[in-house]
Structures are given as C-alpha cells and as structure tokens.
1. Run the helix sum for the chain: -39,500 (n - 2.57) per DSSP H stretch of 4+ residues, divided by residue count, reported at 222 nm to the nearest 500 deg cm²/dmol.
2. Using Cα pairs under 8 angstrom and six or more residues apart, how large is the relative contact order of region 50-178, in percent?
3. Please compute the contact order of region 1-126 in relative form: average sequence separation of alpha-carbon pairs under 8 Å and at least six residues apart, divided by the residue count, as a percent.
4. Based on alpha-carbon positions alone, could you give the equivalent ellipsoid semi-axes of region 2-129 from the gyration tensor, as √(5λ), descending, whole Å?
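What follows is calculated from the coordinates using simple rules that are stated; it is not laboratory data. The structure presented is a predicted model; accordingly, all values stated were derived computationally and were not measured.
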Amino acid sequence: MRVKVRAHDYEITTERLLLRPMTVADMDAVWKWVSDERVARYMVYPTYTDKEKLREWLSSIEKFNGEYNFGYVRLSDNELIGSGSIGPSSTKEGFWGFGYNFRYDCWKLGYATEAAKAMIDFAKREFGITHFCSSHVEPNLASGHVMEKCGLHFVGYGECEKLDGTCKSRSMEYEGIL
Ligand SMILES: CC(C)(COP(=O)(O)OP(=O)(O)OC[C@H]1O[C@@H](n2cnc3c(N)ncnc32)[C@H](O)[C@@H]1OP(=O)(O)O)[C@@H](O)C(=O)NCCC(=O)NCCS
C-alpha cells in the first residue's frame, strides 16, 4: 500500500515495515546505526561521531532533494530500524539507484530485501521506472545478495569512495530491468 503524505513524501506499508519520510525527530533512533562502525563502514557516509552533523543531514532531507528517502519502521514494535533511498542515478543515465542500511541487531532477518523491493515497486508504480542499479563495496556480499534477491544482476566492477573522499576501493555494480 502506498500513500502520498505531502508533495514529495510517501508512505509504503509492507508485511513487516512502514517506509516513511524521516525528520530530525528521528535523530536518536538513526544515531544507533550511523554511529556504529559495523554499519557505516560499507556506507558512503563516514561513521557519525557528532550528533549535530546528523541533525543537519536529517534536516536536509526534510526538503525534497531529488531522491526519495525513507525511514524503515518495524510494525511489530514501531521502532525505526533502518533507512534508505531511491532516485535517479547520478552515474547511469535512465536508471534509478537505491541503497539501505539497518541497525546491526536487525540484520539477517530479510528486512533489507523487503524494504528494497518496496522501494523498487514504488518507483515502478508511481513513476514508471523500469531500469534499476545499485552497488556495494566489494566485501559487502550481503548487500549484493539483497540486490540479487530484488532481481538485479552483477554487471562489473567499479570504484567507490566515501563522501569525504576517503576509503577509495573497488565496488561491485548491479543492474536490473524490472
Ligand atoms: C547489507 C544490509 C542492508 C543487509 O540487510 P539484511 O536485512 O541483513 O538483508 P537481508 O536479510 O534482506 O538479506 C541478506 C542476505 O545476504 C545474506 N548474507 C548475510 N551476510 C552475508 C555474507 N557475509 N555473505 C554473503 N551473504 C550474506 C543473508 O543470508 C541474506 O540472504 P538469504 O535471505 O538468502 O539468507 C545490512 O547488513 C546492513 O545494514 N549493512 C550495513 C550497511 C550496508 O552495507 N548497506 C548497503 C550498502 S551497499
């Protein structure tokens, strides 16, 4: 089920998750994973060490920036356990890219696959998108597995780095026409 809540904000309900826009009010919940090196090491953001920086980021995504950001709320206990986004790829013309991350204690329960499939379905139904891509830092095989379970396939290696230019490394690139 998809519900439009504001001009660019949507809510999506899956079997176990509510995908909804995030705000600065979510700071304490989000801090639990963005400050956790086990989660952040494979993400484009450097591990957060400063809550003010997180407030700035959450504040920035309260305005539409071209991609659809979602917090993932577990329906069983109403806890925000992860977040992700989907939107036009900055590197692959005609494709939409997506990403996700979850609190460490919520891994390996199928939540990433459930959230990613919901975001893909959202992009297909709301915007008619058919071409999707994503990528992960080479050792992050769990994420590649999620991409494959969403119907994408490995297309080759690329390069990646964090937003601050550190951690240059090889990436594995995935695409799918869905
Ligand atoms: C990657 C991440 C989002 C996966 O979330 P998740 O909810 O555990 O993913 P799912 O349970 O839906 O699926 C993971 C799959 O990978 C498999 N997997 C887990 N660890 C793995 C590993 N080290 N190697 C290979 N496969 C692995 C799981 O068994 C599962 O497959 P299965 O359902 O066939 O058993 C989560 O680990 C995370 O938040 N990591 C840190 C942030 C991150 O890396 N984000 C992605 C950046 S590209």
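1. Calculated mean residue ellipticity at 222 nm is -8000 deg cm²/dmol.
2. After rounding, I find 17 percent.
3. That works out to 24 percent.
4. Here the semi-axes work out to 21, 17, 15 Å.
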